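Q: Let me give you the structure first, and then I'll get to my questions.
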Amino acid sequence: MFPLMTTTAGAALKRTPFYDIHKSLGAKIVSFAGFEMPVQYPSGIVAEHKAVRERAGLFDVSHMGEFAIRGDRMVDFVNHVTSNDVAALAFGQVQYSTILRENGTIVDDCLVYRFFDWIMMVVNASNREKDYAHIAPYAKKFGVDVADASDDMALLALQGPLAEQILQPFVDKNLSQVKYYWHVDAHVKGMHAIISRTGYTGEDGFELYFNPEFAEAIWNPLIGTGKVTPAGLGARDTLRLEMGMALYGNDIDDTTTPLEANLGWLTKLNKGEFVGREALVKQKEKGLTRRLAGFTVDDGRSIARHEYPVYYEGKPSAEVRSGTMSPSLNIPIGTAYLPIAGAKEGSKLELDVRGKRVGATVVKTPFYKKGSHK
């Protein structure tokens, strides 16, 4: 049902420290990125989605990967293996970025957290081993230590317009002073955590990194407020797609570049050399032949699923990368890499939906424009 679901053949599936909680709540558990993860709870994806848009939802995202980088040249190192400008980060700031191959295609997207004496890179669970293998060989050149700290961290995302109001009573720092894409060291009911004002939903919210031993002691009080709805991977996918946020493996992958994916703002070509820069400079000079674009389905009911064929001017031109029925807008939405002429707002497309041609129209993203993030 959901393109974000994956299986790991021949490998034992891992469990996050919240697994027993998910089971006790009646969650539907699926195999995702090597983990047993909740895709939805009994209330259903639409209810979870709307809870995040209107109040607050709590996501277990402990499957994500975290790398800890230390050393005198840690900024130079991370600047070299990511496309954004890490040197521009102040202490306590967070940055969205991409990890690239030499040919300019995307190994992964990531978050970069700058601390006084270390840097944390947060990567997708499905790419954790691949990402580490890709960046680790550069460590010796810069004299830094790169450690995979993923198993030592639990991660919760509290998302929604009421997130600050709900979380504040449990935290010893003034959350109103934490700006969007900044983080603080704090204590949640006396337990140390890194708290950042970040998320993947378009709503205001926080992501909390902490010792897995604190899992239940942090989850239970938040849910116990009666204002928070547990939310799974299904709602996470519909929320991020409404905001036009990329999902690795769908909207971006190792066949796409940041320039094609509308992530040129993450590629600071003037910051100096970094992996993939030369290829991107050449692509920019030559000009793009395709670009990721959002679309809505004209009939209002046909859902564009992952890999459905897309036609522009009557010719096979692309395939659907992401698609769903938007719970907030109640219309089918999707993304596809289209020829430059067809990627313009208002362009008319056709989708092959189970053998039937259905009209679609290119629109500007985000699809949902009322998010509460600050």
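The values are calculated or read from the model by the stated rules, or taken from the named source; none is laboratory data. Since the model is a prediction, treat every value here as computed from it, not as a measurement. Every residue, glycine as well, gets a Cβ built from its backbone with ideal geometry; the counts of neighbours run over all protein chains shown. Note: areas computed on protein heavy atoms with side chains; ligands, DNA, RNA excluded. Shrake-Rupley method; radii C 1.70, N 1.55, O 1.52, S 1.80 Å.
Q: Cβ contacts < 9 Å: first residue more than 19 Å from PHE18 (Cα to Cα), restricted to the stretch 38-49; second residue among the aromatic types (Phe, Trp, Tyr) and crowded, with 24+ Cβ neighbours inside 10 Å, any location; separation 6+ or different chain. Result?
A: Close Cβ pairs (under 9 Å, with a partner that is among the aromatic types (Phe, Trp, Tyr) and crowded, with 24+ Cβ neighbours inside 10 Å) do not exist here.
Q: Right, another one. Can you confirm whether ASP237 is crowded, with 18+ Cβ neighbours inside 10 Å and out of contact with any strand residue (DSSP E or B) (no Cβ under 6 Å at 6 or more places or on another chain)?
A: yes
Q: Does GLU48 count as modelled with pLDDT of 95 or more, under 20 Å from THR229 (Cβ atoms) and surrounded by fewer than 18 Cβ atoms within 10 Å (Cβ to Cβ)?
A: no
Q: Which of the residues that make up the stretch 350-374 are of a type in the set (Lys, Arg), modelled with pLDDT under 95 and touching an Asp or Glu at 6+ places or on another chain (Cβ under 7 Å)?
A: Correct list: LYS374 only.
Q: Take LEU288 and tell me if it is modelled with pLDDT of 95 or more and open to solvent by less than 30 Å² (accessible area, probe 1.4 Å).
A: No.
Q: Does the stretch 63-85 contain any residue that is charged (D, E, K, R) and under 29 Å from SER328 (Cβ atoms)?
A: no
Q: Would you confirm, using the coordinates I've provided, whether ILE303 is closer than 19 Å to LEU247 by Cβ, touching a residue at least 12 places away in the same chain (Cβ under 8 Å) and part of a strand (DSSP E or B)?
A: No; evaluated as a whole, the condition is false for this residue.
Q: Mind checking whether some residue in the stretch 223-233 is basic (Lys, Arg) and within 13 Å of the chain's Cα centre (by Cα)?
A: Looking for residues that are basic (Lys, Arg) and within 13 Å of the chain's Cα centre (by Cα), one finds none in the stretch 223-233, hence no.
Q: Still on this structure, please answer the following. Go through ALA193, ALA186, ALA217 for me and flag whichever is more than 19 Å from MET120 (Cα to Cα) and without any contact (Cβ under 8 Å) to a residue 40 or more places away in the chain.
A: One residue alone meets the criteria, ALA217.
Q: Can you name every residue in the stretch 249-262 that is within 13 Å of the chain's Cα centre (by Cα) and buried (at least 20 other Cβ atoms within 10 Å of the Cβ)?
A: The answer is ASP251, ILE252.
Q: Residues of the stretch 53-82 being within 16 Å of the chain's Cα centre (by Cα) and in a helix (DSSP H, G or I), which ones?
A: none
Q: Confirm whether LEU208 is part of a loop (DSSP other than H, G, I, E, B), in contact with a helix residue (DSSP H, G or I) (Cβ under 8 Å, 6 or more places away or on another chain) and open to solvent by less than 40 Å² (accessible area, probe 1.4 Å).
A: no
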